[in-house]
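Readers should treat all values here as calculations from the given coordinates under stated rules, not as data from a laboratory. Keep in mind that what you see is a predicted model, and the values were worked out from it rather than measured. Here the Cβ is made from the backbone with ideal geometry for all residues, glycine too, and neighbour counts use every protein chain on show.
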Amino acid sequence: MSDVLLLAGVALCLLSLVLAVVQLLQTQPPRAAALALVAGIFLLFVGAWTNPQPFGPDTIPAALDSVTGGGLRP
């Protein structure tokens with residue numbers, strides 16, 4: 001479960017960057033981007049808190065391998 005939360009948090013943080021660019025190009029305040037970033041950070045913290053092992057930069061690729069079954073990496 002923690003792997004899914006970590007990946008969802010990373011996905012929301014990356015999505016917030018795209019939303020911020022789009023909303024700024026449309027001369028709108030990036031409210032949706034800010035909400036997506038806060039939700040992504042929250043999911044990262046919850047995923048790291050529920051994982052019994054220490055959280056580090058190598059945790060994200062390991063979580064991706066765990067969730068997908070290792071089929072995405074050659």
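Tabulated values for the structure
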quantity: Using alpha-carbon coordinates, inclination of helix 31-50 to the longest axis of the chain, degrees; calculated: 20
quantity: Computed helical MRE - 222 nm, the chain, DSSP H runs ≥ 4 contributing -39500 (n - 2.57), nearest 500; calculated: -24500 deg cm²/dmol
quantity: Formal net charge of residues neighbouring D3 (Cβ-Cβ distance under 14 Å; K, R +1; D, E -1); calculated: -2
quantity: Kirkwood Rh in Å, taken over the chain so that all alpha-carbon pairs contribute; calculated: 13.1
